[in-house]
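Reviewing the structure listed below.
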Amino acid sequence: KPSGIADTGQISMDMDSMLMMAALSVVASSGVSAASMSRVARKTRVSTGSVYPKFKNIDEVVLRAFNWSIRRIVESNSRALTKSDHPGNFYGEIVIGGLSEERTLWRNFRLEMHLEARLNPRLAAHMSPGLDETNQILVNTISDYQVPKSMTVPVTYLMQTLAVGFSLLPVSYTHLRAHETKAN
């Protein structure tokens with residue numbers, strides 16, 4: 001595994017973390033509109049009644065899951081960059097690692113969130129500060145690596161945009177391979 005890739009499997013699994021991982025899984029597999037408190041509770045293997053004291057509704061769970069997950073991924077990747085022996089190759093490692101099998105859940109969740117945000121102004125408004133915050137983490141990280149100060153913010157937004165675009169690659173590749181198999 002490339003050195004700069006966050007290992008989402010090493011997250012402490014207290015109840016809140018388990019709920020967040022369940023929300024990621026539900027959204028990644030079925031989309032934001034199909035998410036429900038009962039599906040998240042079932043995935044976590046707890047009763048729905050134990051979820052409601054923590055969250056008013058599924059929208060709150062999904063919004064918190066986005067903030068929870070994006071911070072962890074970006075902070076972990078930024079920490080890895082500062083420890084890397086070859087920071088110039090870091091973004092390439094992140095892209096390649098982001099396409100790996102162990103990143104499927106995160107990649108699909110992020111993609112579903114961005115797709116839904118196009119149609120859901122409340123979700124888009126909520127996601128914006130989280131992206132701004134993680135962009136600031138990236139700005140702070142890359143500012144030490146000869147990126148001109150005037151370019152750090154645009155570069156981080158480009159990184160975020162590319163990350164969403166790269167999320168489509170495994171889906172497109174799988175679809176292409178299935179189409180080729182049918183053609184043969």
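Each residue in segment 121-138 was checked for being in contact (Cβ under 8 Å) with a residue 12 or more places away in the chain and over 18 Å from the mean Cα position of the chain (by Cα), and 1 of them qualify. Identify the residue in segment 126-153 that is surrounded by fewer than 11 Cβ atoms within 10 Å (Cβ to Cβ) and farther than 20 Å from ARG107 by Cα and, among all such residues, is modelled with the lowest pLDDT. Filtering first and then ranking leaves ASP144. List pairs: first residue in segment 42-62 and in a helix (DSSP H, G or I), second residue open to solvent by 50 Å² or more (accessible area, probe 1.4 Å) and among the aliphatic types (A, V, I, L, M) anywhere in the structure, Cβ distance under 9 angstrom, at least six positions apart or on different chains. Going by the 9 Å Cβ cut-off, the qualifying pairs are LYS43/MET18; THR44/MET15; THR44/MET18; SER50/MET15. Is it true that ARG79 is open to solvent by 70 Å² or more (accessible area, probe 1.4 Å), assigned to a helix (DSSP H, G or I) and modelled with pLDDT of 90 or more? So ARG79 fails the test.
The values are calculated or read from the model by the stated rules, or taken from the named source; none is laboratory data. Fair warning: this is a prediction, and the values are worked out from it, not measured in the lab. Note that each Cβ is placed from the backbone with ideal geometry, even for glycine, and that neighbours are counted across all protein chains shown. Quick note on the areas: whole protein, heavy atoms, side chains included, nothing else; ligands and nucleic acids left out. Shrake-Rupley method; radii C 1.70, N 1.55, O 1.52, S 1.80 Å.
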